[in-house]
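For reference, the structure discussed in these notes is given below.
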Amino acid sequence: MSDSFRSPATRAVTAGRGHLPPGDPLNPPVVFASTYAAGGAVGYARSGNPTWTALETAIGALEDGEALAYASGLAAAAGVLDLLPAGAVVVAPAVAYTGVRELLEQRVVERKLHVRWVPMADAEEIADAVAGADLLWLESPTNPLMDICDLRAAAAAAHEVGALTVVDNTFATPLGQRPLDLGADVSLHSATKQLSGHSDLLLGAVIVRDGGLRDRLADRRTLLGAVPGPMEAWLALRGIRTLAVRHERACANAAELADRLGAHPAVHRVRYPGLPGDPGHSLAASQMQTYGSMVAVEVAGDADLAERVCAGTRLWVHATSLGGVESSLERRRRWPAETADVPESLLRLSVGIEAVEDLWRDLDEALSSAG
Ligand SMILES: *Cc1c(COP(=O)(O)O)cnc(C)c1O
């Protein structure tokens, strides 16, 4: 594939295919193998598989870097944290994806790492906290509060002190935000979500531009064994082929619903970076290509009311996870690991690609009848 076609929407369709000799299948086959005939580039399947290589080429092309695929988003996160020496100092989001926070908290309890917890929306506090740090972990928009972090400012502050900067880019997707262009060293994805897009697999990825860092991460992945299965890699690549159209539709639906929800009598507050009145809007406009398909809604009432809304929808699926073609919602505080900073009445909406009027009618009815 000629490198001159640089649009990410085009690359999502073509990347990972390579030059096609006459008679070859268009798509890379799924290769089930634990072992390979001796003497080749890959000796054993824990260090490589042609199906992941195709997927990694495609994910890397989306953010102009080199990608590594993992068994899950959390495996990718653990693979990055595992590079840190004992006693390292990490600056991390006080309220963001719970799995990464739990990974860090465990390492603090086990006295392996020191963590300074910071609010993602406060650039000054992040800049102050990175003094003497080894790694800065960022997430924007945050899961589930939808706070926006000034990624340029945070990465610049980290680089001044030599700290590695990681951005969890799951909510934005590679089409919505390019952390490596904003100064980050690692862009991380739960490819379980929008990238694969069909709620049928677990997969993670990191994207980097430094070859040495890529090699260190790849060595660690091999030793941890946190590698993807070939079937998952193949399905994820198939999902990526339609990422651009899914993303465009899901973002348009999310923007429309966020706007309408803001005026709904059963809604107390909506967070969506695309809303002109959102506290993160101008920052998001300066660093994101699209505002994404995630919306946070605080219903005007308590946890029970929020649960009744979830139970009352017919089209929206009541489930955790996000980024599938189907719209889903859940009350985040139903999970004990979610912090008390997340309101009891907060619903996290993952907006899919259904007809927006159907999504609105279902949500409107569930909100109106829950009260
Ligand atoms: C889901 C998620 C993860 C973890 O990914 P898994 O594939 O579930 O391991 C990490 N970060 C964010 C923002 C997520 O939403």
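The values are calculated or read from the model by the stated rules, or taken from the named source; none is laboratory data. Bear in mind the structure is a predicted one, so any value in this text is a computation, not a measurement. So basically every Cβ, Gly included, is an ideal-geometry build from the backbone, and we count neighbours across all protein chains shown.
Do you know which residues across segment 259-275 are surrounded by fewer than 19 Cβ atoms within 10 Å (Cβ to Cβ) and within 26 Å of the chain's Cα centre (by Cα)?
Selection gives Asp259, Arg260, Gly262, Arg269.
I'd like the residue in segment 151-160 that is more than 19 Å from the chain's Cα centre (by Cα) and buried (at least 24 other Cβ atoms within 10 Å of the Cβ) and, out of all such residues, is nearest to the ligand (Cβ to nearest atom).
Going residue by residue through segment 151-160, those that are more than 19 Å from the chain's Cα centre (by Cα) are 153, 156-160.
From what's left, buried (at least 24 other Cβ atoms within 10 Å of the Cβ): 157-158.
Numbers: Ala157: 22, Ala158: 19 Å.
Going through the qualifying residues, I end up with Ala158.
Given the conditions (1) under 26 Å from the mean Cα position of the chain (by Cα); (2) of a type outside the set (Lys, Arg); (3) over 23 Å from Glu338 (Cα atoms), which single one is not true for Glu105?
(3)
Taking Thr165, is it closer than 30 Å to Gly229 by Cα, among the β-branched types (Val, Ile, Thr) and part of a loop (DSSP other than H, G, I, E, B)? So that I can check it myself, show each step before the final result.
Values: closer than 30 Å to Gly229 by Cα: yes; among the β-branched types (Val, Ile, Thr): yes; part of a loop (DSSP other than H, G, I, E, B): no.
Spelling it out, it is not the case that Thr165 is closer than 30 Å to Gly229 by Cα, among the β-branched types (Val, Ile, Thr) and part of a loop (DSSP other than H, G, I, E, B).
Out of the residues in segment 183-217 meeting the condition of being hydroxyl-bearing (Ser, Thr, Tyr) and outside any loop (DSSP other than H, G, I, E, B), tell me which one is nearest to the ligand (Cβ to nearest atom).
Ser190
Just to verify a result, which residue in segment 290-335, among those that are aliphatic (A, V, I, L, M) and surrounded by fewer than 19 Cβ atoms within 10 Å (Cβ to Cβ), is farthest from Glu365 (Cα to Cα)? Before the answer, list the steps.
So the first thing to find is which residues in segment 290-335 are aliphatic (A, V, I, L, M), and the list is 294-297, 299-300, 303, 305-306, 309, 311, 315, 317, 319, 322, 325, 329.
Right, trim to surrounded by fewer than 19 Cβ atoms within 10 Å (Cβ to Cβ) and you get 300, 303, 305, 311, 315, 317, 319, 325.
Working: Ala300: 15, Ala303: 18, Leu305: 13, Ala311: 12, Leu315: 11, Val317: 14, Ala319: 19, Val325: 22 Å.
Only one residue fits best here, namely Val325.
Within segment 306-361, restricting attention to residues that are among the small types (Gly, Ala, Ser) and in a strand (DSSP E or B), which residue is nearest to the ligand (Cβ to nearest atom)? Walk me through it before giving the result.
Filtering segment 306-361 down to residues among the small types (Gly, Ala, Ser) leaves 306, 311-312, 319, 321, 323-324, 327-328, 337, 340, 345, 350, 352, 355.
Okay, now just the ones that are also in a strand (DSSP E or B), so 328, 350.
Details: Ser328: 12, Ser350: 9 Å.
Among those residues, the one meeting the criterion is Ser350.
Within the group Pro141, Pro119, which residue is within 16 Å of the ligand (Cβ to nearest atom) and not aromatic (Phe, Trp, Tyr)? Outline the logic, then answer.
Details: Pro119 fails: within 16 Å of the ligand (Cβ to nearest atom).
Result of the check over Pro141, Pro119: Pro141.
Go through segment 213-252 residue by residue and tally those that are within 18 Å of Val356 (Cβ to Cβ) and touching a Leu at 6+ places or on another chain (Cβ under 6 Å).
Quick first cut of segment 213-252, residues within 18 Å of Val356 (Cβ to Cβ) only: 245-252.
Those still in the list that are touching a Leu at 6+ places or on another chain (Cβ under 6 Å) too: 247.
So the count comes out to 1.
For segment 81-99, which residues satisfy the criterion of being crowded, with 18+ Cβ neighbours inside 10 Å, over 21 Å from Ala127 (Cβ atoms) and aliphatic (A, V, I, L, M)?
Leu81
Please go through segment 35-48 and pick out each residue that is over 25 Å from Ile240 (Cα atoms) and of a type in the set (S, T, N, Q).
Quick first cut of segment 35-48, residues over 25 Å from Ile240 (Cα atoms) only: 35-44.
Across segment 35-48, the qualifying residue is only Thr35.
Of His114, His159, which residue is outside any loop (DSSP other than H, G, I, E, B), farther than 25 Å from Arg209 by Cα and not polar (S, T, N, Q)? If you could, list the steps in order and put the result at the bottom.
Values: His159 fails: farther than 25 Å from Arg209 by Cα.
From the options His114, His159, the qualifying one is His114.
Residues Val206, Val186: which one is over 18 Å from Val325 (Cα atoms) and under 11 Å from the mean Cα position of the chain (by Cα)? Quick ask: steps written out before the conclusion?
On the way: Val186 fails: under 11 Å from the mean Cα position of the chain (by Cα).
Among Val206, Val186, only Val206 is over 18 Å from Val325 (Cα atoms) and under 11 Å from the mean Cα position of the chain (by Cα).
Quick one: Arg152 ticks every box in (1) among the charged types (D, E, K, R); (2) closer than 25 Å to Ala236 by Cβ; (3) not in a loop (DSSP other than H, G, I, E, B) bar one, so which box is it?
(2) is the only condition that Arg152 fails.
Which condition from (1) more than 26 Å from Ala296 (Cβ to Cβ); (2) touching a strand residue (DSSP E or B) at 6+ places or on another chain (Cβ under 6 Å); (3) not in a strand (DSSP E or B) is the one that Ala131 breaks?
Going through (1) more than 26 Å from Ala296 (Cβ to Cβ); (2) touching a strand residue (DSSP E or B) at 6+ places or on another chain (Cβ under 6 Å); (3) not in a strand (DSSP E or B) one by one, Ala131 breaks only (2).
Is it fair to say Arg101 is in the same structural domain as Ile148 (by TED's automatic domain parsing), within 18 Å of Val206 (Cβ to Cβ) and of a type in the set (Lys, Arg)? Let's see the steps before the verdict.
Working: in the same structural domain as Ile148 (by TED's automatic domain parsing): yes; within 18 Å of Val206 (Cβ to Cβ): no; of a type in the set (Lys, Arg): yes.
For Arg101, the condition - in the same structural domain as Ile148 (by TED's automatic domain parsing), within 18 Å of Val206 (Cβ to Cβ) and of a type in the set (Lys, Arg) - is not met.
Considering only segment 161-180, how many residues are out of contact with any helix residue (DSSP H, G or I) (no Cβ under 9 Å at 6 or more places or on another chain) and more than 13 Å from the ligand (Cβ to nearest atom)?
Matching residues across segment 161-180 total 3.
Find the residue count for segment 29-46, including only residues that are more than 16 Å from Met231 (Cα to Cα) and surrounded by 15 or more Cβ atoms within 10 Å (Cβ to Cβ).
1
This table checks each residue for (1) closer than 19 Å to Glu66 by Cα; (2) touching a strand residue (DSSP E or B) at 6+ places or on another chain (Cβ under 6 Å); (3) crowded, with 24+ Cβ neighbours inside 10 Å.
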| site | (1), (2), (3) |
| --- | --- |
| Thr173 | yes, no, yes |
| Leu180 | yes, yes, no |
| Gly197 | no, no, yes |
| Ile207 | yes, yes, yes |
| Gly212 | yes, no, no |
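In segment 100-109, which residue that is more than 17 Å from Thr142 (Cα to Cα) and of a type in the set (Val, Ile, Thr) is surrounded by the fewest Cβ atoms within 10 Å (Cβ to Cβ)?
Result: Val109.
Does Leu223 count as within 12 Å of the ligand (Cβ to nearest atom) and surrounded by fewer than 24 Cβ atoms within 10 Å (Cβ to Cβ)?
Working: within 12 Å of the ligand (Cβ to nearest atom): no; surrounded by fewer than 24 Cβ atoms within 10 Å (Cβ to Cβ): yes.
In short, no.
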